[in-house]
1. Kindly check whether there is at least one residue in the stretch A:42-55 that is touching a residue at least 60 places away in the same chain (Cβ under 8 Å) and out of contact with any helix residue (DSSP H, G or I) (no Cβ under 6 Å at 6 or more places or on another chain).
2. Could you check how many residues of the stretch A:134-161 are free of Cβ contacts under 8 Å to residues at least 12 places away in the same chain and under 29 Å from residue A:3 (Cβ atoms)?
3. What number goes with the only condition from (1) touching a residue at least 12 places away in the same chain (Cβ under 8 Å); (2) within 13 Å of chain A (Cβ to nearest Cβ) that residue B:32 does not pass?
4. Return the residue satisfying two criteria in turn: it lies in the stretch A:119-128 and is without any contact (Cβ under 8 Å) to a residue 40 or more places away in the chain and part of a helix (DSSP H, G or I), and of such residues it is farthest from the other protein chains (Cβ to nearest Cβ).
5. I need a count of the residues in the stretch B:45-75 that are surrounded by fewer than 14 Cβ atoms within 10 Å (Cβ to Cβ) and at the interface with chain A (Cβ under 10 Å from one of its Cβ atoms).
6. What helices (runs of 4 or more DSSP H), lying completely within the stretch A:1-113, carry at least 3 residues that are closer than 30 Å to residue B:21 by Cα and either modelled with pLDDT of 95 or more or within 14 Å of chain B (Cβ to nearest Cβ) (or both)?
């Protein structure tokens with residue numbers, strides 16, 4: 001059974017992580033890096049609803065978006081590095097540690113993944129509050145992944161608060 | 001002989017700089033309520049109570065004005081809110 005422990009140095013140890021959960025965590029980058037234009041639009045929204053603000057919109061695209069892009073990518077890479085450090089237990093489960101200094105990267109990467117999955121599958125608000133059904137359906141599987149990422153994100157928020 | 005082209009420098013309109021600008025956060029069904037509250041506290045320095053009040057306003061009314069003041073600062077706040085993946089825009093506050 002999955003165990004989560006906050007270590008004295010503030011790092012978080014995940015132990016007894018089963019294969020399915022480990023796989024879901026390892027696929028955190030995939031929806032964000034799918035190249036879907038809807039995902040791009042959601043991760044890089046416009047700073048104004050006023051179409052007359054073309055100078056602002058141009059500056060934003062040229063100056064702000066590249067920084068945001070780098071920061072989002074760095075968060076995903078930090079999460080991937082933590083997961084690459086996972087070790088297999090004798091029973092086939094995994095354990096890994098999230099250093100305290102990486103918690104914000106996890107919050108960002110989990111949020112990026114949830115936003116991306118919602119855009120790719122165009123989930124409605126009602127769908128987001130229902131349990132997934134047949135997991136052989138990619139859309140239902142995506143809903144389940146959103147739930148897993150959301151549960152972990154919610155818990156990490158309570159840790160960093 | 002080479003000639004230097006006049007650079008195309010755009011400056012913000014003085015009326016833009018003098019105006020009051022608002023930072024608006026818009027609802028989206030994916031961002032967690034606890035996460036939005038955390039971001040308001042971190043980026044805008046809100047107390048927990050104030051952050052929750054604005055988070056609920058976003059959730060219930062679709063948007064909340066979280067800050068108003070100079071355009072430069074409004075742009076900076078919108079940038080920081082985008083860095084936390086919130087949907088935020090700036091808009092010129094209506095003149096009284």
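The values are calculated or read from the model by the stated rules, or taken from the named source; none is laboratory data. Bear in mind the structure is a predicted one, so any value in this text is a computation, not a measurement. Counting neighbours? That spans all protein chains shown, and the Cβs are built from the backbone with ideal geometry, glycine included.
1. Here is the first cut: in the stretch A:42-55, the residues touching a residue at least 60 places away in the same chain (Cβ under 8 Å) are A:42-43.
Subset that is out of contact with any helix residue (DSSP H, G or I) (no Cβ under 6 Å at 6 or more places or on another chain): A:43.
So far as the stretch A:42-55 goes, yes, one or more of its residues are touching a residue at least 60 places away in the same chain (Cβ under 8 Å) and out of contact with any helix residue (DSSP H, G or I) (no Cβ under 6 Å at 6 or more places or on another chain).
2. Here the count works out to 7.
3. (1)
4. A:121
5. 1
6. Hits in the stretch A:1-113: A:37-43, A:54-59, A:65-84.
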